[in-house]
Structures are given as C-alpha cells and as structure tokens.
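J.: Quick one: the structure is below, questions incoming.
The values are calculated or read from the model by the stated rules, or taken from the named source; none is laboratory data. Predicted, not measured: the structure shown is a model, and the values here were computed from it. In this analysis, Cβ positions are derived from the backbone assuming ideal geometry, glycine residues included, and neighbour counts consider all displayed protein chains. These accessible areas exclude ligands, DNA and RNA; they are computed on the full protein's heavy atoms, side chains included. Shrake-Rupley method; radii C 1.70, N 1.55, O 1.52, S 1.80 Å.
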Amino acid sequence: MSDSTSQNKLSATTVWIMAIATGLSVANLYYNQPLLAELQKDFGVTVKEVGIIPTLTQVGYALGMLFLVPLGDMFERRKLIVITSLAVTAALILAATAHSLWVMVIASLLIGLFTMVPQLIIPFAAHLASNENRGKVIGIIMSGLLIGILCSRTLAGFIGDLFGWRVVFYFAAVLMVILAAGLYFILPASEVTYTGSYAGLIKSIGKLIKEEPILRESAVVGAMIFGVFSSIWATLIFLLSSPHFGMGAKEVGLFGLLGAAGAMAAPVVGRVSDKKGARTGVAIGLGVLALSVLILWGSGASLIGLIIGIFILDFGIQAAHIGNQTRVFALRADARSRLNTVYMFSYFMGGALGSLLGSYAWNAGQWHGVCIVLSVGTLVALLAFWLGRNSKPAVS
C-alpha cells in the first residue's frame with residue numbers, strides 16, 4: 001500500500017483519536033511518581049528503595065522501544081497496538097494488587113515495557129498521513145502525548161489522595177481496556193512492511209543507522225535537546241527551594257504547566273514543517289532553544305526570567321522534536337517503526353544523560369553549572385544540525 005493510498009484512511013477524527021490514545025497510554029509511565037510516599041508507607045521501605053519503582057518503569061520503556069517498537073514494521077499495527085494495550089492492562093492490575101515492593105518493581109518494569117502504544121501510533125500515523133500533511137499530523141499527536149505527560153501526575157495525585165494508590169492503577173487498567181476496544185474498531189488496518197525474521201528485523205536497525213545520515217543527525221539533535229530539557233527539570237527544584245526563592249515541590253509542579261507551551265506549539269510547528277520543510281522546523285526550534293538558554297543564564301535570581309526562559313525552552317524543544325520526527329519518518333516508508341526506535345531511543349538516552357549531568361553540574365556549580373550543561377547540549381545539537389546541512393536520504 002502506498003502513502004497516497006494510506007492517507008485516504010486518515011480522517012481528522014482518526015488523528016484526534018490517535019492523539020487521545022497516545023496521551024492516555026503514555027500516562028501509565030508517570031502515575032507512580034506522585035504515589036511514592038504512599039507506596040513507601042504501605043510497603044514499609046526506605047525512600048531509596050521505593051525510588052527503584054519509577055527507575056524500573058523508565059528502564060522498561062527503553063527496553064520496549066528497542067525490542068518491541070520495531071515489530072510495528074513486522075506485524076499489522078492495529079492488532080499490535082491492541083495486544084500491547086491488553087498486556088499493559090495486565091501489568092497495571094499486577095501493580096494494583098501488589099503487596100510487596102518486589103512485586104511492584106516487577107509490575108513497574110512490565111508497565112514500562114508494554115507502554116508501547118505511543119511509539120506504535122506515531123509512526124503509524126506518519127505512515128497513513130500524506131507527505132503534505134505529515135508534520136501537522138505528527139504535531140497533533142505529539143500534543144496529545146505532552147498533555148498526557150502533564151496531566152498524569154496531577155490525575156494520579158488527585159485519585160490517590162481520595163481513594164488510595166491502588167485505585168489509580170485499577171482506573172488506568174480500565175482505561176486501557178476501553179482504549180484497546182475502541183482502537184480495534186476505529187483504527188484502519190495496516191500492511192506489513194517487513195517479512196523477515198525478528199533477528200533480521202533487529203539487525204536491520206543497525207543498517208538503517210549506517211545508511212541514513214539524516215537519521216544519525218536527527219538522533220544526535222534529539223538526544224541533545226531532550227538532555228537539555230531533562231537537565232532543567234532534574235535541578236529546578238534545587239534552585240526554587242534555595243533561600244532566594246523559598247519555594248517547594250508544589251510550586252515546581254506549577255512550573256510543569258509551562259510544558260503546555262509545547263503542547264500548544266505542536267500543531268503549529270507541524271504545519272510550518274509541512275509548508276517550509278521539516279529542516280526549517282528544526283532550525284526554528286534550535287534557534288528558540290538557544291535564545292532560552294541565554295535567558296536562563298541570567299535568571300538564576302529572577303522568577304520572571306525563569307518563567308519566560310522555560311516557556312520558550314519548551315517551545316523550542318518541541319519545534320525541533322517535531323521537525324526531527326517529520327524528517328525521520330520521510331526517509332523510508334517500509335521502516336518507520338524501526339526509524340522511530342532509533343530516534344526515540346537516542347532521545348530517551350539523551351534525557352537520561354541530561355538528568356545525570358545536570359545533577360552533577362548543580363553540585364559543582366549551582367545554577368551556573370547547570371547552564372553550562374544547557375549550553376553545551378545546545379551547541380552540540382547546533383553543530384550536528386549544521387554538519388548535516390547537505391545530507392540526503394539514502395533511498396529516494
């Protein structure tokens with residue numbers, strides 16, 4: 001099935017349903033974070049021990065991106081989305097019924113592993129979209145993803161406070177069953193684009209990295225921009241809780257609402273990528289990101305500066321991210337799930353590195369140390385983007 005044929009199956013309603021499904025699914029990764037104090041109390045463990053729960057959730061997500069997302073090229077995507085939705089339902093029920101830390105840890109790993117619906121839907125939507133609308137479609141679905149991330153912690157905290165932490169996971173499990181049923185009847189069927197073995201499928205990922213310079217460039221840029229994002233959020237609590245600001249976790253949570261800037265920007269940036277070219281979208285995003293870093297350098301003692309800097313930083317990162325994804329998905333129609341694996345795995349690993357370096361930088365140089373990390377990450381992204389200015393797809 002060609003792209004031109006596929007686009008006939010992608011109505012505006014289907015795009016928005018995909019966006020909602022992406023947001024509801026990605027929320028599974030973050031429900032446990034505001035519940036950790038209650039989990040610690042119920043299981044009778046230390047803060048350090050309960051901290052393994054969100055860590056293992058993210059580890060599971062990374063493993064799923066690497067080993068399960070490529071299956072979107074090997075199997076019919078609609079069925080795969082339904083199967084993984086039901087698998088994560090079982091993991092959520094295991095979490096809801098856990099009576100020991102280690103059962104919860106196993107459940108958390110499985111929740112991360114099977115929360116693959118977002119990373120299956122995004123390349124599926126890119127495959128169904130026309131070349132002229134691909135950026136817009138990706139932007140709408142990414143807005144759903146961002147809103148899911150932003151609202152998940154608030155929703156979990158609200159339900160957990162009223163009914164207890166177990167109800168949060170039961171609630172999420174019910175949502176996933178409804179989602180699986182709805183997507184089965186709403187999503188169009190897709191064709192299989194890879195007919196070899198699973199071992200060959202995984203091996204072909206390395207071949208894609210070797211053959212596609214735009215993929216390598218986008219992976220480096222993506223890793224750096226998400227590293228910058230993670231550096232900020234790993235250290236902002238330390239800055240805002242300092243004597244100068246005297247704020248706490250609640251106020252930092254309100255800063256998270258600034259992420260709505262990225263959600264609002266997503267469809268707009270997608271349309272710019274469609275009209276002016278996806279590389280232009282990346283250039284705009286990196287330019288805005290560089291400006292935000294300059295503002296943040298001078299905002300270590302300014303609340304207004306921090307608000308402005310983080311607001312436009314979110315916008316810039318989202319613009320560059322959508323431009324990157326639009327470029328990557330345009331490379332090979334038969335390998336979009338594997339292309340997504342390479343890009344998103346790099347993006348995720350860059351975020352993990354950014355969190356680590358941001359924490360070390362705060363210990364070494366407080367806010368100025370963090371701003372050095374932000375600057376280096378932005379400069380590396382700009383350099384990779386500039387070096388790739390003449391890159392062409394390996395397969396036209």
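J.: Which ones in the stretch 327-338 are open to solvent by 10 Å² or more (accessible area, probe 1.4 Å), assigned to a helix (DSSP H, G or I) and either aliphatic (A, V, I, L, M) or at pLDDT 90 or above (or both)?
T.: R327, A333, R338
J.: Determine whether V370 is among the β-branched types (V, I, T), touching a Phe, Trp or Tyr at 6+ places or on another chain (Cβ under 6 Å), in contact (Cβ under 8 Å) with a residue 60 or more places away in the chain and crowded, with 18+ Cβ neighbours inside 10 Å.
T.: Yes: the conditions hold for V370.
J.: So, in the stretch 35-61, how many residues would count as being in a helix (DSSP H, G or I), open to solvent by less than 60 Å² (accessible area, probe 1.4 Å) and not β-branched (V, I, T)?
T.: So the count comes out to 10.
J.: Here is a list: F385, F348, F329. Which entry is in contact (Cβ under 8 Å) with a residue 60 or more places away in the chain and over 14 Å from V282 (Cβ atoms)?
T.: Checking each option against the conditions leaves just F348.
J.: Also, I was wondering about something else. Does V376 satisfy the criteria of being within 21 Å of the chain's Cα centre (by Cα) and β-branched (V, I, T)?
T.: Considered against the rule, which asks whether it is within 21 Å of the chain's Cα centre (by Cα) and β-branched (V, I, T), V376 comes out as no.
J.: Considering only the stretch 296-311, how many residues are surrounded by fewer than 20 Cβ atoms within 10 Å (Cβ to Cβ), assigned to a helix (DSSP H, G or I) and in contact (Cβ under 8 Å) with a residue 12 or more places away in the chain?
T.: Residues flagged as surrounded by fewer than 20 Cβ atoms within 10 Å (Cβ to Cβ), assigned to a helix (DSSP H, G or I) and in contact (Cβ under 8 Å) with a residue 12 or more places away in the chain within the stretch 296-311 amount to 5.
J.: Can you pull out every residue in the stretch 9-34 that is under 19 Å from V177 (Cα atoms), of a type in the set (V, I, T) and open to solvent by 40 Å² or more (accessible area, probe 1.4 Å)?
T.: I17, I20
J.: What are the residues in the stretch 75-93 that are touching a helix residue (DSSP H, G or I) at 6+ places or on another chain (Cβ under 7 Å) and among the small types (G, A, S), if any?
T.: S85, A87, A91
J.: Counting just the residues of the stretch 99-131 that are out of contact with any Ser or Thr (no Cβ under 9 Å at 6 or more places or on another chain) and part of a loop (DSSP other than H, G, I, E, B), which one comes out most open to solvent (accessible area, probe 1.4 Å)?
T.: Result: H99.
J.: Where the second residue is assigned to a helix (DSSP H, G or I) and aromatic (F, W, Y) and the first is open to solvent by less than 10 Å² (accessible area, probe 1.4 Å) and lies in the stretch 63-85, which pairs have Cβ atoms under 7 Å and are six or more apart or on separate chains?
T.: Listed pairs, sorted by first residue: G64/F114; M65/F345; M65/F348; G72/F124; R77/F124.
J.: Taking the stretch 7-49, which residues are closer than 18 Å to L94 by Cα and modelled with pLDDT under 85?
T.: Hit for the stretch 7-49 is Q33, nothing else.
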